[in-house]
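A short worksheet on the structure shown next.
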Amino acid sequence: MKTPNTTLSAVPTTIFTRMSQLAVQYQAVNLGQGFPDTEGPADIVAYAAQALQDQRNQYAPLTGLPELREAVAESNERFYGLKINPTTEVVVTSGATEALAASLTAVINPGDEVVLIEPLYDTYLPMIRLLGAVPKCVRLEPPSWELPLEALKAAFGPKTKAILLNSPMNPAGKVFSHEELSVIADLVREHDVYAICDEVYEHLTFHVKHCPLMTFPGMRERCMRIGSAGKSFSLTGWKVGYVTAPAPLADLIAKAHQLYVFATAPNLQRAVAYGLRKDDAYYQELASSLEERRDLLRDGLHALGFKTLPADGSYFVVADITPLAKGQDDVAFAEWLVREAGVATIPVSAFYDASSAEPPRNLIRFAFCKQPDVLKEALKRLKAALG
Ligand code: PMP
Ligand code: GLN
């Protein structure tokens, strides 16, 4: 038989699935895959349940239900002062994952280059390669997760079509500063490229403000800004995402969505529209309760001898394992931890393009979007195993 798609064949099963399987096998506390271990807000879930009963269970419109597109436009204005046309500038997708694929598809031709910042979310590289484009990666420098500006500038060239920027960032927990975003916006303008902005953790920041690149001068017509109900409402299983983009790009994103998925569950869309209109107290509580859990886990890790890297947003904190790993690399140590300590984590080397340069092998990612008692149990187990 002829060889099937070689790019896809080379993609391993995601590290999240692998570590979650090991977590089940060893009955481990799962601080690997990033999902909350409680239900999302009861009123949003009740709204969705009600919406299932009222006879609107056929295909939703291609670009999303008007009420959700309107709620996305409103929330752009409410949080960032962005004025968005809900009819022409919002596309609802089946999760941010599809939003990323559709946005990349909207702008990329084979042979284009896409600038990325490592460590990066695991779907980016294979998606870009499947479209025939060439990733150009720039690495944040641990332990401060500093953005090397000269390397970033050097990554842009005549073939660059887009940058894919994730802020707040998975797995680094970095929230890009205003100054860094200004430099990125300058490069995007100077090289006349697009920016795909993965902002799924937009509401999960701790005493730093998330700033969409789209709010910077000249960026409104070039940015595709992606959000996820999974993250904003702790409902990761719902897979409802949304892209805000200027009309000509939104039109192409809608065409990609038409080919990949066509339409997203209408009942969930309606409940997400309701959720997006929640009051400020909801969003503040979401961030502050996560921050408390970041602190609980981070302080506990420090007490065990781990050093942690700055984490101002997202579900994740990265720890340097050097003092405790007895020479094991991140993969071996994470496997040892799940087996011997009963705690699942994610080795951070999985978030790098290992084919271009050796990734750091001394970092693991902990998810703190879990209940405080679960985090305490994980710390207890780590203490027992690490002594
Ligand atoms: N981007 C990032 C940075 C993520 O961490 C995730 C997963 N949580 C996604 C995109 C995918 O989001 P969704 O579940 O809405 O597809
Ligand atoms: N975004 C989640 C994480 O980083 C995982 C999502 C998935 O399993 N695909 O842990």
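Residues satisfying the criterion are absent from region 90-113 (criterion: assigned to a loop (DSSP other than H, G, I, E, B), small (Gly, Ala, Ser), open to solvent by less than 20 Å² (accessible area, probe 1.4 Å) and touching a helix residue (DSSP H, G or I) at 6+ places or on another chain (Cβ under 7 Å)).
Do we have Lys326 as under 23 Å from Phe206 (Cα atoms) and of a type outside the set (A, V, I, L, M) here? So Lys326 fails the test. Against the test of being under 21 Å from the mean Cα position of the chain (by Cα), closer than 30 Å to Thr13 by Cβ and either within 16 Å of ligand 2 (Cβ to nearest atom) or open to solvent by less than 30 Å² (accessible area, probe 1.4 Å) (or both), the options Leu125, Leu147 yield a single qualifying residue, Leu125. Whenever a residue of region 269-288 is more than 14 Å from Glu74 (Cβ to Cβ), its partners that are polar (S, T, N, Q) and not in a helix (DSSP H, G or I), lying with C-beta atoms within less than 9 angstrom and at least six residues away or across chains, give the pairs Leu286/Ser234; Ala287/Thr205. Looking across region 342-375 at every residue that is hydrophobic (A, V, I, L, M, F, W, C) and open to solvent by 10 Å² or more (accessible area, probe 1.4 Å), the one that is farthest from Val138 (Cα to Cα) is identified as Val374. Only a single criterion out of (1) closer than 20 Å to Ala101 by Cα; (2) of a type outside the set (Val, Ile, Thr); (3) surrounded by fewer than 23 Cβ atoms within 10 Å (Cβ to Cβ); (4) in contact with a helix residue (DSSP H, G or I) (Cβ under 7 Å, 6 or more places away or on another chain) is not satisfied by Gly241, namely (3). When residues in region 193-210 are screened for being within 16 Å of ligand 2 (Cβ to nearest atom) and either surrounded by fewer than 19 Cβ atoms within 10 Å (Cβ to Cβ) or in a loop (DSSP other than H, G, I, E, B) (or both), 6 of them pass. Could you please let me know if Glu221 is open to solvent by 10 Å² or more (accessible area, probe 1.4 Å), within 16 Å of ligand 1 (Cβ to nearest atom), in a loop (DSSP other than H, G, I, E, B) and under 19 Å from Ser103 (Cβ atoms)? No.
The residue that is surrounded by the fewest Cβ atoms within 10 Å (Cβ to Cβ), counting only those in region 166-192 that are among the polar types (S, T, N, Q) and in contact (Cβ under 8 Å) with a residue 40 or more places away in the chain, is Asn170. Test Ile84 against the criterion of being assigned to a helix (DSSP H, G or I), of a type in the set (Val, Ile, Thr) and touching a residue at least 12 places away in the same chain (Cβ under 8 Å), and give yes or no. Here the answer is no, as Ile84 does not meet what is asked.
Answer yes or no as to whether Asn76 is out of contact with any Asp or Glu (no Cβ under 6 Å at 6 or more places or on another chain) and open to solvent by 50 Å² or more (accessible area, probe 1.4 Å).
When the stated conditions are applied, Asn76 does not pass them.
Could we say that Ser314 is touching a Lys or Arg at 6+ places or on another chain (Cβ under 9 Å) and within 30 Å of Lys380 (Cβ to Cβ) here? Spelling it out, Ser314 is indeed touching a Lys or Arg at 6+ places or on another chain (Cβ under 9 Å) and within 30 Å of Lys380 (Cβ to Cβ).
The values are calculated or read from the model by the stated rules, or taken from the named source; none is laboratory data. Computed from a predicted structure; not experimentally measured. Cβ sites come from the backbone with ideal geometry, for glycine too, and all protein chains shown count toward neighbours. Please note that ligands, DNA and RNA were not included when accessible areas were found on the heavy atoms of the full protein model with its side chains. Shrake-Rupley method; radii C 1.70, N 1.55, O 1.52, S 1.80 Å.
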